[in-house]
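Enquirer: Next up is a structure, given as structure tokens.
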Amino acid sequence: MIKIFTFILLLCSLNNLNAQPWKHSYNWYFGEKAALNFNTNPPSILNDNIAIEYEGSISFSDSNGNLLFYTDGNLGRPISLIYNRNHNVMKGGDSIYSHETSTQFGVVVPHPGHPNQFFLFTAIGGKRKEDAAYYHLIDMNKDNGFGEVISKNNRLVDTICEKITATPHSNGRDYWVAVHGFYNNIFHLYLVNERGVVECPINQTLGVINGTDDNNNYNITSAQGSMKFNRESNLLANGIYDLNFNSVDLFSFNSYSGTLNYIDSQLNIYYAPYSLEFLDEKKIVVSTRNNQVYFIDFEKDFNRVYLIYNPNNNLDNLICNFQMAPNGKVYGAYVDSNFLSEVKLQGDSAVFIEKAQSLGQNKSLFGLPSFSTDHILSRKVDIQFKRICGTDSLEYFPRIYEDGGILLTEIRDAQNSLVYQSQATYFKIKLTHGSYQLKIRWEKGSDVEEKTVPIEWIRAYEKTIWSDTILCNSESIAVDLGDHWCIKWSDGNKGRYRTLTDEGTYQYQILAWDQCYYDDSLVLKKINLETPIIEKWGDSQLYVQTVDSIIWERDGEIESTENPMKLIRNGTYRARVKQGPCENISEPILISGLTYLNNINENIKIYPNPFEDYLVLDFPIEGNYEILIWNNYGQKIVHQKNNNQIQIKLDLEPWCSGIYLISIINSQGEPIITKK
């Protein structure tokens, strides 16, 4: 059944062309002054690389395939340089924290919504002081278009492997950057959006521990290796580099929520996996440190590996890093070679070509440049959408890269039921909460391109998370972000969990799970209610300083709510005071030596006086009293006990007018009151 949703659509021709992101990978600068340009086919050999990139490297181009910048591994120091397109050190591009021997040196992603700004992420693997993942912001609008590093060496997470990779968010606008912890099995997924790098990663513990030998000992060599997303951004492969325990772990990936799920481990690789690359969406090639190359087909048989190259352990030209190029070929770096190798699919397996691409007089070393998966292969169209924040509405606006063609978009729910279908290049639709698949199909003659991405639609954020609060004395409030993602406080604190103790207004910004930002505040007021001190006024009253309310307790029972309080009975007294929601209690005070004669008689009430047909006696406390009444002739006309009643009503209707004498005697036989 097709569900009915509210939507707005716009039909238009496919001629509003967008910049081509895959051309960001059109220039490769790597190895010992090696460089290739992929604007030509076959790629052109360049001789202008002034850098030496021992292992991993970075080079990045604009959407027309023109070089923007590249890095120098700066062998021997844990820092690098960034060169601009004129091969000069970029302004601010010195002292970039990185390491020339990181298997995956780093990766670059655009800053969404900020044209010509790019984030460079670098990884230094291990457990030393400087070993961490960092990010740096490059603005190519600066320095007359030659670029400037406007923020650098921002530390993200410590104790990591030499593994860092990136893939686009399913919305087609943002990016995910993945880092793997060292000596653990923790993945750290960072979102990059228009606000920048969200420094609250999605941390997941799953798969094989990276960084141990077969005796579970710490092994610094195990920080090596690589991990890659496939081009559909729905799989992640992670090579476990270990001299005694070797595997390739496979995970499914939700590119909307940034979450991984463990699928399986391939344990039949006989030596430490160093580099891997996807040949297509479910097939990978793996190089090992004993110079072997393996092929794995996840879809056909994950538990079987194919050895496609084994040069009898000839290490003269060690095979190292694999990387897919813009021409669709997967190249491999030889150490100290004037050629790159190539791996390509053939039948049910793959073949290895030793000398596939010449580097001229220059040489490759261990590494090749790394790229986000959307910066590699060309395409005709890309999905792009965003949530209209504060609502349940999705706004859809795909990126078109080629004129003409027919575009069809479908949204299906978790049961694969069709929710919405359109040929529009713009629409808005309101979705209920749940899981969806958004599929796009572009056709132009026999040329067909399809792509499907996940959408996890949760309810829109609802203000406020926390109510304004009054804290009493030393109380604090524990702030728990709960179902929301990330928070940034106005005082710079970024903790999801925080304890607040001081009075004030706390401004914060939430990145909620609907991936929208919201501003809010929490007002804390503090009442310091000191312990009350009881003052004794003479022998008959107790008093504490003025408060909102007070309860006097005698021997643990409520005695009075008046302040001051008249003393009636002996006992241990405490004052419980309140100011707003705050409460405090005094130290106990012992009252003794009170006599009924001096106290109770002041609190017995007899009314009305004069009376007509009845008389009421109110006693302040329970007790056994005798009531005696005489007329003016001295005759005793009433003699009765109250039997612990605190009120007695005497019916005097038949009495004659005159003066009467009343006497009350306590249980000890002592008269406590005599009145006319």
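Enquirer: Loop only by DSSP, 13 or fewer other Cβ within 10 Å of the Cβ. Give me the chymotrypsin sites (Phe, Trp or Tyr not before Pro) in region 275-339 that pass, ordered by residue number. Present the calculation step by step, with values, prior to reporting the outcome.
Expert: Values: sites: Phe278, Tyr294, Phe295, Phe298, Phe302, Tyr306, Tyr309, Phe322, Tyr331, Tyr334, Phe339; in loops: none.
Sparse-neighbourhood loop chymotrypsin sites (Phe, Trp or Tyr not before Pro): none present.
Enquirer: Considering only protein heavy atoms, what is the solvent-accessible area of Asp158 at a probe of 1.4 Å, reported in Å² to the nearest 10?
Expert: 80
Enquirer: Taking the convex hull of the Cα atoms, report for region 313-408 its projected area averaged over all directions, in nm².
Expert: Working: hull surface 44.2 nm².
Mean projected area of the Cα convex hull: 11.1 nm².
Enquirer: On to the next question. So what does the Cα-only Debye profile of the chain read at q = 0.09 Å⁻¹, as log10 I(q)/I(0), no solvent term?
Expert: -0.81
Enquirer: Want the number for Ser44 to Leu590: 0.36 nm per residue separation, take away the alpha-carbon distance, what's left?
Expert: Working: separation 546, 0.36 × 546 = 196.56 nm, distance 9.94 nm.
Result: 186.6 nm gained on full extension.
Enquirer: Summing -39500 (n - 2.57) over the DSSP H runs of n ≥ 4 in the chain and dividing by its residue number, what mean residue ellipticity at 222 nm do you reach, to the nearest 500 deg cm²/dmol?
Expert: On the way: 2 runs with 8 residues, N = 676.
Mean residue ellipticity at 222 nm (helix-derived): 0 deg cm²/dmol.
Enquirer: Continuing with this model, one more query. What is the calculated FRET efficiency for Asn310 to Asp336, with r their C-beta to C-beta distance and R₀ = 22 Å, to the nearest 0.05? Don't skip to the end; give the middle numbers.
Expert: Values: r = 20 Å, r/R0 = 0.92.
Efficiency, rounded to the nearest 0.05: 0.65.
Enquirer: Take the alpha-carbon positions of region 417-483, form their convex hull, and give its projected area averaged over all directions (one quarter of the hull surface) in nm².
Expert: Working: hull surface 30.3 nm².
Over every viewing direction, the Cα hull of region 417-483 projects on average to 7.6 nm².
Enquirer: Take Leu345 and Val448, extend 7 Å from each Cα along the Cα→Cβ direction, and tell me the distance between the two endpoints in nm.
Expert: Between Leu345 and Val448, the label points sit 1.6 nm apart.
Enquirer: Give the ranking of Leu36, Leu590 by solvent-accessible surface, highest area first, calculated with a 1.4 Å probe.
Expert: On the way: Leu36 0, Leu590 125 Å².
Descending order: Leu590, Leu36.
Enquirer: Please enumerate, by chain and number, the aspartates and glutamates with C-alpha under 18 Å from the C-alpha of Lys641, excluding those fewer than 8 residues away in the same chain.
Expert: Cα-Cα hits under 18 Å: Asp618, Glu622, Glu626, Asp651, Glu670.
Enquirer: Right, next: In terms of the Cα gyration tensor, with a ≥ b ≥ c the square roots of its eigenvalues, is region 158-217 rounded because a/c is under 1.5, prolate because a/b exceeds b/c, or oblate?
Expert: In terms of gyration-tensor shape, prolate.
Enquirer: Report, to the nearest whole %, how much of the accessible area of the chain belongs to carbon and sulfur atoms, 1.4 Å probe, protein only. Could you put the intermediate results ahead of the total?
Expert: Working: 13720 of 30490 Å².
It is 45 percent, rounded to a whole number.
Enquirer: Give a quick list of chymotrypsin sites (Phe, Trp or Tyr not before Pro) in region 608-639 that DSSP marks as loop, anything other than H, G, I, E or B, with at most 15 other Cβ atoms within 10 Å.
Expert: Values: sites: Phe611, Tyr614, Tyr625, Trp630, Tyr633; in loops: Phe611, Tyr625, Tyr633.
Here the chymotrypsin sites (Phe, Trp or Tyr not before Pro) that fit, given the DSSP loop and packing criteria, are Phe611, Tyr633.
Enquirer: Now for a separate question. Between Lys91 and Glu530, what is the spin-label point distance in nm, taking each point 7 Å from the Cα along the Cα→C-beta axis?
Expert: A separation of 6.1 nm, rounded to one decimal place.
Enquirer: What is the set of long-range amide H partners of Tyr54 at a cut-off below 5 Å, with H atoms built 1.01 Å from backbone N?
Expert: Excluding prolines and chain starts, which carry no amide H, the hits are Gly73.
Enquirer: Could you pull the Cα extents of region 61-163 along its three principal axes, largest to smallest, in whole Å?
Expert: Reported extents, whole Å, longest axis first: 39, 29, 22.
Enquirer: A further question on this structure: When the dipole is taken about the Cα centre of the chain, and only Lys, Arg (+1) and Asp, Glu (-1) are charged at their Cβ, what size is it in debye, to the nearest 20? Could the numbers behind the result be given before it?
Expert: Working: 59 positive and 79 negative charges, 174 e Å.
Here the size comes out at about 840 debye.
Enquirer: Per residue, how much accessible area does the chain have with a 1.4 Å probe, in Å²?
Expert: Details: 30490 Å² over 676 residues.
Each residue of the chain exposes 45 Å² on average to a 1.4 Å probe.
Enquirer: Let me ask another. Please give the net charge around Phe121, taking every other residue with its beta carbon less than 13 angstrom from that of Phe121, where Lys and Arg add +1 and Asp and Glu add -1. Before the final figure, lay out each step's value.
Expert: Working: positive: Lys152, Arg155, Lys163; negative: Glu162, Glu199.
Value of the local net charge: +1.
Enquirer: Tell me the accessible surface of Tyr508 in square angstrom (1.4 angstrom probe, heavy atoms of protein chains only), to the nearest ten.
Expert: About 10 Å², rounded to the nearest 10.
Enquirer: Can you give me the solvent accessible area of Phe397 with a 1.4 Å probe, rounded to the nearest 10 Å²?
Expert: Taking all protein chains as shown, Phe397 has close to 50 Å².
Enquirer: Now, a different point. Positive end of the dipole of region 451-556, charges at C-beta (+1 Lys, Arg; -1 Asp, Glu), about the Cα centre: which of Ile550, Ile470, Tyr517 has its Cα farthest in that direction?
Expert: Of Ile550, Ile470, Tyr517, it is Tyr517.
The values are calculated or read from the model by the stated rules, or taken from the named source; none is laboratory data. Quick caveat, the model's predicted, so the values are computed rather than measured. We place every Cβ from the backbone using ideal geometry, glycine too, and count neighbours over all the protein chains shown. The accessibility values were calculated without ligands, DNA or RNA, using every heavy atom of the protein model including side chains. Shrake-Rupley method; radii C 1.70, N 1.55, O 1.52, S 1.80 Å.
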